[in-house]
Amino acid sequence: MDVTQSPYRADNTGVLDATAAIQTAIDDVGADGGGIVFLPAGTYRIKPPQGATCALSISSSGVVVRGAGPGKTFLFNDETVMRNKSILHAVPPVWNGWHWGVAVPP
């Protein structure tokens, strides 16, 4: 799934915040059972939303975030306060005795 295409239209020029568009693509791929979230060449401006501990979060199995290659796709974080925060947080599924669920990010 190309994040620069409809319905996501993530900006890959580094001018506009692409966080919400990329996160929506990650969530949609996860809801579909997994797949690739593709970030074509460019610079994607991201930052943790207000009160969040990460900019992007993968909470489903089988979701892969892939760029165009070394030196081609960049995640640009301009948040100045990143203590105890991360850019991309992958939350592993947890076994609760009945089924696999999703761990709650710290």
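The values are calculated or read from the model by the stated rules, or taken from the named source; none is laboratory data. These figures come from a predicted structure and were not determined experimentally. Virtual Cβ from ideal backbone geometry, glycine too; neighbours counted across all protein chains shown. Heavy atoms of the whole protein, side chains included, go into the accessibility calculation; ligands, DNA and RNA do not. Shrake-Rupley method; radii C 1.70, N 1.55, O 1.52, S 1.80 Å.
Observations, loosely collected:
- Under a model in which nothing but the beta-carbon of Lys, Arg (+1) and Asp, Glu (-1) is charged, the chain shows a dipole of about 260 debye around its Cα centre.
- Relative contact order of the chain, defined on C-alpha pairs under 8 angstrom at six or more residues apart (%): 25 percent
- Karplus-derived 3J(HN,Hα) values for the stretch 70-80, using 6.51 cos²θ - 1.76 cosθ + 1.60 with θ = phi - 60°, are x, x, 10, 10, 10, 9, 10, 9, 10, 6, 8 Hz; glycine and proline are entered as x.
- Estimated [θ] at 222 nm from DSSP helical runs (n ≥ 4, -39500 (n - 2.57)) normalised by residues in the chain, nearest 500: -4000 deg cm²/dmol
- Each of R66, R83 has its accessible area taken with a 1.4 Å probe; listed largest first, they run R83, R66.
- Cα gyration tensor shape of the chain, rounded if a/c is under 1.5, else prolate or oblate by comparing a/b with b/c: oblate
- Accessible surface computed residue by residue for the chain, with neighbouring protein chains in place and a 1.4 Å probe, gives 60 Å² per residue.
- Between helix 19-31 and the chain there is an angle of about 40 degrees, using the helix long axis and the longest principal axis of the Cα atoms.
- Between N77 and I46, the built amide H atoms are under 5 Å apart, and every one of these is 5 or more places off in sequence or on another chain.
- Listed residue (Q50, G34, S6) projecting farthest to the positive dipole end of the chain, Cβ model: Q50
- Of all accessible heavy-atom area on the chain, the percent that carbon and sulfur account for (1.4 Å): 58 percent
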